[in-house]
């Protein structure tokens, strides 16, 4: 495997922050022992000077950056509205171009197949699926042209209805037919939806572009009941060489806590950095013995 990182939202309550805080979080992640950090996809839209500050801090700390994104409320790729779908495609294409300007081989992952918390509301899932696949195919033309990889996150049923399992993600990627489209599996979501975590990982195979780790309760690895031995054995079986991102969500409040339904403090009073360090050490130990 290459790098193990952490989602920057772990250190705050919002999906975005100011440039000073971004730089601070890069240094915190490096001090804990991570060599990658996932930021929101707003960084490509910052001023050139602010972008440069972030990139320089990452280079100094030897921390890679990848990006987590989503769709605007009026840009749902699953929508029956052609105008909404077009806005979603334009958003993804614009983001891909900006990411390519920012860094070579940039990656965007996350809830990019539909607006989170949207239900079917009487619509047919297959129609939503086809709308999304057609729209994603258009978005990927630009991503391919500029050398950006998208990884669609496999979400649990309470966060979105379209792609809940590794098998669904694999079928969706085949339908879109882009070499730059991958899947993002997350142990938190897998614990809810998959019959077998190992089978889901093996099914992902070379379509697995990014892997998120976190416990069943959204705490760092080692603070819950995810079967980590099974998980790392499956990753070893497929010879996974991609990046891994720890994504604990442990504090209520703000945009992050409210969207992801964190209604109580899950830190148990422990320092955030220390808990992340323990989680990282726990996971690395599992990898070493796999």
Quiz item: Which one of the conditions (1) touching a helix residue (DSSP H, G or I) at 6+ places or on another chain (Cβ under 8 Å); (2) buried (at least 18 other Cβ atoms within 10 Å of the Cβ) does residue 117 fail to meet, given that it meets all the rest?
Solution: (2)
Exercise. Determine whether the range 280-289 contains at least one residue that is buried (at least 19 other Cβ atoms within 10 Å of the Cβ) and either on the phi > 0 side of the Ramachandran plot or not in a helix (DSSP H, G or I) (or both).
Key: no
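Just checking, does the range 177-186 include any residue being exposed (fewer than 15 other Cβ atoms within 10 Å of the Cβ), out of contact with any helix residue (DSSP H, G or I) (no Cβ under 6 Å at 6 or more places or on another chain) and not in a loop (DSSP other than H, G, I, E, B)?
Applying the first criterion (exposed (fewer than 15 other Cβ atoms within 10 Å of the Cβ)) to the range 177-186 yields 177, 179.
Of the ones still in play, those that are also out of contact with any helix residue (DSSP H, G or I) (no Cβ under 6 Å at 6 or more places or on another chain) are 177, 179.
Pick out the ones that are also not in a loop (DSSP other than H, G, I, E, B) and you get none.
Checked against the condition, which is being exposed (fewer than 15 other Cβ atoms within 10 Å of the Cβ), out of contact with any helix residue (DSSP H, G or I) (no Cβ under 6 Å at 6 or more places or on another chain) and not in a loop (DSSP other than H, G, I, E, B), the range 177-186 yields no hits at all.
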Practice problem: Only residues that are loosely packed, with under 15 Cβ neighbours inside 10 Å and either in contact (Cβ under 8 Å) with a residue 60 or more places away in the chain or in contact with a strand residue (DSSP E or B) (Cβ under 9 Å, 6 or more places away or on another chain) (or both): list them for the range 212-237, please. | Solution: 229
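For the range 239-260, give me the residue count where each residue is assigned to a loop (DSSP other than H, G, I, E, B) and over 20 Å from residue 66 (Cβ atoms).
Filtering the range 239-260 down to residues assigned to a loop (DSSP other than H, G, I, E, B) leaves 239-242, 247-253, 260.
Checking which are over 20 Å from residue 66 (Cβ atoms) leaves us with 239, 250-253.
The total comes to 5.
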Quiz item: Filtering the range 29-39 down to residues that are surrounded by fewer than 23 Cβ atoms within 10 Å (Cβ to Cβ) and touching a helix residue (DSSP H, G or I) at 6+ places or on another chain (Cβ under 6 Å), which residue is farthest from residue 62 (Cα to Cα)?
Solution: 32
Quiz item: Among the residues of the range 60-78, is there at least one that is touching a helix residue (DSSP H, G or I) at 6+ places or on another chain (Cβ under 7 Å), assigned to a helix (DSSP H, G or I), modelled with pLDDT of 95 or more and surrounded by fewer than 20 Cβ atoms within 10 Å (Cβ to Cβ)?
Solution: yes
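For residue 109, state whether it is assigned to a strand (DSSP E or B) and closer than 26 Å to residue 37 by Cβ.
Numbers: assigned to a strand (DSSP E or B): yes; closer than 26 Å to residue 37 by Cβ: yes.
Criteria met by residue 109.
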Quiz item: Would it be correct to say that residue 201 is in contact with a helix residue (DSSP H, G or I) (Cβ under 8 Å, 6 or more places away or on another chain), within 28 Å of residue 126 (Cβ to Cβ), crowded, with 16+ Cβ neighbours inside 10 Å and at pLDDT 95 or above?
Solution: yes
Self-check item: Some residue of the range 219-226 being over 27 Å from residue 70 (Cβ atoms) and modelled with pLDDT of 95 or more
Solution: yes
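Could you please let me know if residue 123 is surrounded by fewer than 20 Cβ atoms within 10 Å (Cβ to Cβ) and free of Cβ contacts under 8 Å to residues at least 12 places away in the same chain?
On the way: surrounded by fewer than 20 Cβ atoms within 10 Å (Cβ to Cβ): yes; free of Cβ contacts under 8 Å to residues at least 12 places away in the same chain: no.
Against the criterion (surrounded by fewer than 20 Cβ atoms within 10 Å (Cβ to Cβ) and free of Cβ contacts under 8 Å to residues at least 12 places away in the same chain), residue 123 does not qualify.
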Practice problem: Name every residue in the range 1-58 that is over 16 Å from residue 102 (Cβ atoms), free of Cβ contacts under 8 Å to residues at least 24 places away in the same chain and part of a helix (DSSP H, G or I), in order of residue number. | Solution: 20, 21, 24, 25
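The values are calculated or read from the model by the stated rules, or taken from the named source; none is laboratory data. Here the structure is a predicted model, which means the values were calculated and not measured. Every residue, glycine as well, gets a Cβ built from its backbone with ideal geometry; the counts of neighbours run over all protein chains shown.
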